[in-house]
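Note sheet for the following structure.
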Amino acid sequence: MNRRPPGKRPTLHSRRGFLKNAGIAVTGLTVTSCMDGDDGDQTDPGPRCDPQNDQRSTVAVAAADSYDRALVKEKVQRLFDALGGLDAVVGFGDKAALKINLVGGADALALPAGVDVREAVWTHPEVVRAVGELLIDQGVSPANLHIVEALWTPSSYDDFGYQQVQTDLGAQFVNLENAAPYAGFIEKSVPNGFHYQSFRLNPILEEIDVLVSLPKMKQHSSAAVTHAMKNLVGIVPLAHHELPGNKGWRSAIHFAGGQVGYHLPRAICDLNLARPMHLAVIDGIKNSLGGEGPWVETFAPTENHLLIAGTDPVATDTIASREMGDDPEAASLTNPDGTQTDNYLCLAAELGLGTNRLDHIDIVGEPSE
């Protein structure tokens, strides 16, 4: 694994600074690349990855400062419009799944006073609602719309607005931790994977036509960042991915067969090979720095005031990672504790899953102040 000396994480940008540096015009015109920050840091960036492909991708960005229902739907609609619509992604009669992120269950509730877990840790239910409504408008019937997650605790879904969103949409919910409503799990093969030949999954993930990843935009204690691609760690049942002596979390996904900084990034790629997504919508309106949840010592709530979407998950995660202060083209990324991890974006780009080259990503949108 390529390593660079630990040091100061790159400067985090405000929403205004990000939009300025990204070159997004208020008229919503397409621009190319995400430009370097203006903090004047000339530190040697260390080894770079260089995927041998010329793929270009488009990522949409919208500014939002609250989870007001009408505002969120308007902004998500703008994202989809900026991407040219969703006709190439989903259509009438398709079966779709929204993979939300409710990491940590009850443990995620140990937040500082006044901090809402849906704002700092979990995908906010109003983002789920907006995406669900727009997919229904696109032709997905409520009976064919599924909200999916491998739940840590049922109360995290039932008591925080997600059940209500499901009811309002007329959608279905499938707890990926179990095989129900099917008779048993399936084995989903991993074509040309790093570590895995297959994953045991709920059959809904085989039946759907469209997978949408709806993560919270956060830094991660051992993958540096956790966005749309990392969100797929939650498609596998915890009970089948625990190591002896490391129960209660997906320890095998993190470091079975190698150090976490080597194993986890490759496991993320394997999951995305097994169950590719078709659309990513990243909730960065209110989020967190320093880790994925309050069990990480450096965890701290923050607000990036952004929604980010794209049909290339690597490119979408690349723009989110850039906003979190990371260098998405570096061969390794710095975790909150200063340790290094291989950059899963580089690995994914090398596999042809998308592009992490900033000069190959067109950023579109119609932000407002």
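The values are calculated or read from the model by the stated rules, or taken from the named source; none is laboratory data. Here the structure is a predicted model, which is why all the values come from computation and not from measurement. Note that we place each Cβ from the backbone using ideal geometry, even for glycine, and neighbour counts take in every protein chain shown.
Figure legend. Inter-residue proximity from segment 75-96: first residues on the phi > 0 side of the Ramachandran plot, second residues at pLDDT 95 or above and surrounded by fewer than 17 Cβ atoms within 10 Å (Cβ to Cβ), beta-carbon distance below 9 Å, spacing 6+ or different chains. Indicated pairs: GLY93/GLY139; GLY93/SER141; GLY93/ASP209. Tell me yes or no: at least one residue of segment 92-112 is touching a Lys or Arg at 6+ places or on another chain (Cβ under 6 Å) and modelled with pLDDT of 95 or more. Scanning segment 92-112 turns up at least one residue that is touching a Lys or Arg at 6+ places or on another chain (Cβ under 6 Å) and modelled with pLDDT of 95 or more. Applying the set (1) touching a residue at least 60 places away in the same chain (Cβ under 8 Å); (2) surrounded by fewer than 23 Cβ atoms within 10 Å (Cβ to Cβ); (3) touching a Ser or Thr at 6+ places or on another chain (Cβ under 6 Å) to GLU187 leaves exactly one unmet item: (1). Against the numbered list (1) in contact with a His (Cβ under 7 Å, 6 or more places away or on another chain); (2) within 24 Å of ALA300 (Cβ to Cβ), GLN172 comes up short only at (2). In segment 313-355, the qualifying residues are those that are touching a Lys or Arg at 6+ places or on another chain (Cβ under 7 Å) and of a type in the set (A, V, I, L, M), and the one that is farthest from PRO47 (Cα to Cα) is LEU347. Please indicate, with yes or no, whether at least one residue in segment 349-369 is within 14 Å of ALA223 (Cα to Cα) and crowded, with 24+ Cβ neighbours inside 10 Å. Within segment 349-369, not a single residue is within 14 Å of ALA223 (Cα to Cα) and crowded, with 24+ Cβ neighbours inside 10 Å. Count of segment 246-256 residues, restricted to those that are touching a His at 6+ places or on another chain (Cβ under 6 Å) and assigned to a helix (DSSP H, G or I), is 3. For ILE235, which of the numbered conditions (1) within 19 Å of the chain's Cα centre (by Cα); (2) within 22 Å of ARG322 (Cα to Cα) fails to hold? Here ILE235 clears every test but (2). Within segment 208-226, the residues that satisfy the criterion of being within 8 Å of the chain's Cα centre (by Cα) and within 22 Å of GLU133 (Cα to Cα) are SER213, LEU214, PRO215, LYS216, MET217.
Checking each residue in segment 92-133 for being part of a strand (DSSP E or B) and among the small types (Gly, Ala, Ser) picks out ALA96, ALA97. Taken over segment 270-322, the criterion of being aromatic (Phe, Trp, Tyr) and either over 18 Å from PRO336 (Cβ atoms) or at pLDDT 95 or above (or both) is satisfied by PHE299 alone. Among GLY365, GLY284, GLY352, which is the only one that is at negative phi and either out of contact with any Pro (no Cβ under 7 Å at 6 or more places or on another chain) or aromatic (Phe, Trp, Tyr) (or both)? Of GLY365, GLY284, GLY352, the one residue that is at negative phi and either out of contact with any Pro (no Cβ under 7 Å at 6 or more places or on another chain) or aromatic (Phe, Trp, Tyr) (or both) is GLY284.
Here LEU98 clears all of (1) closer than 17 Å to ASP283 by Cβ; (2) surrounded by fewer than 18 Cβ atoms within 10 Å (Cβ to Cβ) except the condition numbered (2). GLY139 fulfils the conditions (1) under 15 Å from ILE285 (Cα atoms); (2) of a type outside the set (Val, Ile, Thr); (3) touching a Gly at 6+ places or on another chain (Cβ under 7 Å) except for a single criterion, (1).
Scanning segment 161-196 for residues that are of a type in the set (Ser, Thr, Tyr) and closer than 30 Å to GLY257 by Cα yields a count of 2. Going through segment 66-96 one residue at a time, which ones are closer than 16 Å to MET277 by Cβ and of a type in the set (Phe, Trp, Tyr)? If the condition is that a residue be closer than 16 Å to MET277 by Cβ and of a type in the set (Phe, Trp, Tyr), then PHE80 is the only one that fits.
Of the residues making up segment 130-144, those that are over 21 Å from MET229 (Cα atoms) and touching a residue at least 12 places away in the same chain (Cβ under 8 Å) are GLU133, LEU134, ILE136, GLN138, GLY139, VAL140, SER141, PRO142, ALA143, ASN144. Is it true that LEU211 is surrounded by fewer than 24 Cβ atoms within 10 Å (Cβ to Cβ), in contact with a helix residue (DSSP H, G or I) (Cβ under 8 Å, 6 or more places away or on another chain) and either modelled with pLDDT under 95 or assigned to a strand (DSSP E or B) (or both)? The answer is yes for LEU211.
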